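Shown next, in C-alpha cells, is the structure this report addresses.
The values are calculated or read from the model by the stated rules, or taken from the named source; none is laboratory data. No experiment lies behind these values; they were computed from the predicted model shown. Ideal geometry is used to build each Cβ from the backbone, glycine not excepted, and the neighbour counts take in all protein chains shown. Quick note on the areas: whole protein, heavy atoms, side chains included, nothing else; ligands and nucleic acids left out. Shrake-Rupley method; radii C 1.70, N 1.55, O 1.52, S 1.80 Å.
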Amino acid sequence: RLVSFMDFAPAAVALIDDDQKDAVKALFADMTDFAIKLVDKYCEYWPSLDGFNIHDDWAAQRAPFFSMDTAYELFVPYMKALTDHIHSKGRYATLHSCGRGESRVQCFIDGGFDGWDPQLMNDTQKLWREVGDQICISVVPEPFDPAATSEEEQRRRGMEFAECFSVPGRPAVLGFYGGLVLTPAFTEGVYIKSREIFGR
C-alpha cells in the first residue's frame, strides 16, 4: 500500500529514511487496523469462509526489494498482528508475494502465515524440503510438454509428484504456477495417489 500512496521509488526510500520511518510505521499500523476490521466483516457476512489470502509483493524477478532488517522492523510485526487476528477467528492466513522472495521465507513464517504460493523464479521444491514443516508451500511440478507426453505418462508423473510431496506434517499445495503441466491426467494422478497416502 505504501507504493499506492507514494509511487515505487519514494516508497523504497521511505523504508530506509530514518526521518520517515515513524510515519511509515503509523501508516502500517492504521492499515493493519483497517484490514482487521475487514476480516471481521468478511467473517460476519460469510461465516463459511475458510481463510484469507493476503497480497503483498516483496521482490522483483531476481531479489527482494528490501533487507531482512527492514522486513523485520517495518513489515513482520504488522503481518503478525493481522495473521494473529485471522487465526483468532479460526481461519487460515496465506500469502501471495510475487518475485524471488525465497530468502525472505523466514519473515513469512514469523509473520504468522500458514502458506505461501511462490512464483517460478523460486525453488519451490527446495523451499518445501527446507521449511515445509513450518509453512505450507505451493510446490510447482517439474515441467514437461503435455502435447508430447501420453496421458498415461502424465498420470504417472502426477502420482510421482504426490508420492514425493504428500508427507504428513509437511503439507504442500499443488502450485498453480505449474501452468500447462497441470493437465487433467496429471492432476488426476496427484488426486489418486495423495488420497491413497493420506488414507493410510
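Being at pLDDT 95 or above, of a type in the set (A, V, I, L, M) and surrounded by 18 or more Cβ atoms within 10 Å (Cβ to Cβ) is a condition met by at least one residue of segment 98-109. Count of segment 38-63 residues, restricted to those that are open to solvent by 80 Å² or more (accessible area, probe 1.4 Å), modelled with pLDDT of 95 or more and under 30 Å from Ser103 (Cα atoms), is 1. Of all residues assigned to segment 15-29, none qualifies as being under 23 Å from the mean Cα position of the chain (by Cα), surrounded by 14 or more Cβ atoms within 10 Å (Cβ to Cβ), over 25 Å from Cys98 (Cβ atoms) and not aromatic (Phe, Trp, Tyr). Those residues that are under 20 Å from the mean Cα position of the chain (by Cα), assigned to a helix (DSSP H, G or I) and not hydrophobic (A, V, I, L, M, F, W, C), I need them from segment 159-200; list them, please. Hits for segment 159-200 are Tyr177, Gly178, Gly179.
Restricting the first member to segment 6-29 and to residues that are within 18 Å of Asp57 (Cα to Cα) and part of a helix (DSSP H, G or I), and the second to residues that are of a type in the set (A, V, I, L, M, F, W, C) and open to solvent by 40 Å² or more (accessible area, probe 1.4 Å), the beta-carbon pairs closer than 7 Å and six or more apart or on different chains are Ala11/Val3; Ala12/Phe65; Ala14/Met6.
Checking each residue in segment 73-90 for being under 15 Å from Leu49 (Cβ atoms) and among the hydrophobic types (A, V, I, L, M, F, W, C) picks out only Ile86. Picking from residues in segment 171-193 that are within 24 Å of Tyr92 (Cβ to Cβ) and surrounded by fewer than 16 Cβ atoms within 10 Å (Cβ to Cβ), the one that is modelled with the lowest pLDDT is Phe176. Could you identify the single residue in Ala185, Ala147 that is out of contact with any helix residue (DSSP H, G or I) (no Cβ under 8 Å at 6 or more places or on another chain), over 22 Å from Gly51 (Cβ atoms) and of a type in the set (A, V, I, L, M, F, W, C)? Only one candidate passes the filter, namely Ala147. Looking at the structure I just gave you, is Ile36 touching a residue at least 24 places away in the same chain (Cβ under 8 Å) and over 20 Å from Glu73 (Cβ atoms)? Taking the combined requirement at face value, the residue satisfies it. Mind listing whichever residues of segment 110-122 are part of a loop (DSSP other than H, G, I, E, B), at pLDDT 95 or above and open to solvent by 30 Å² or more (accessible area, probe 1.4 Å)? If the condition is that a residue be part of a loop (DSSP other than H, G, I, E, B), at pLDDT 95 or above and open to solvent by 30 Å² or more (accessible area, probe 1.4 Å), then Asp114 is the only one that fits.
Listed by first and then second residue, the pairs with beta-carbon distance under 9 Å, at least 6 apart or on different chains, first residue in segment 55-78 and assigned to a loop (DSSP other than H, G, I, E, B), second of a type in the set (Asp, Glu), are Phe65/Asp57.
Val140 falls short of the stated requirement of being among the β-branched types (Val, Ile, Thr) and either under 26 Å from Ala23 (Cα atoms) or open to solvent by 70 Å² or more (accessible area, probe 1.4 Å) (or both). Pairing residues of segment 135-158 that are within 30 Å of Gln106 (Cα to Cα) with residues that are open to solvent by 40 Å² or more (accessible area, probe 1.4 Å) and basic (Lys, Arg), at Cβ distances under 8 Å and at least 6 apart in sequence or on separate chains, gives Pro141/Arg157; Glu142/Arg157.
Within segment 123-137, being assigned to a helix (DSSP H, G or I) and crowded, with 17+ Cβ neighbours inside 10 Å holds for Thr124, Gln125, Leu127, Trp128, Val131.
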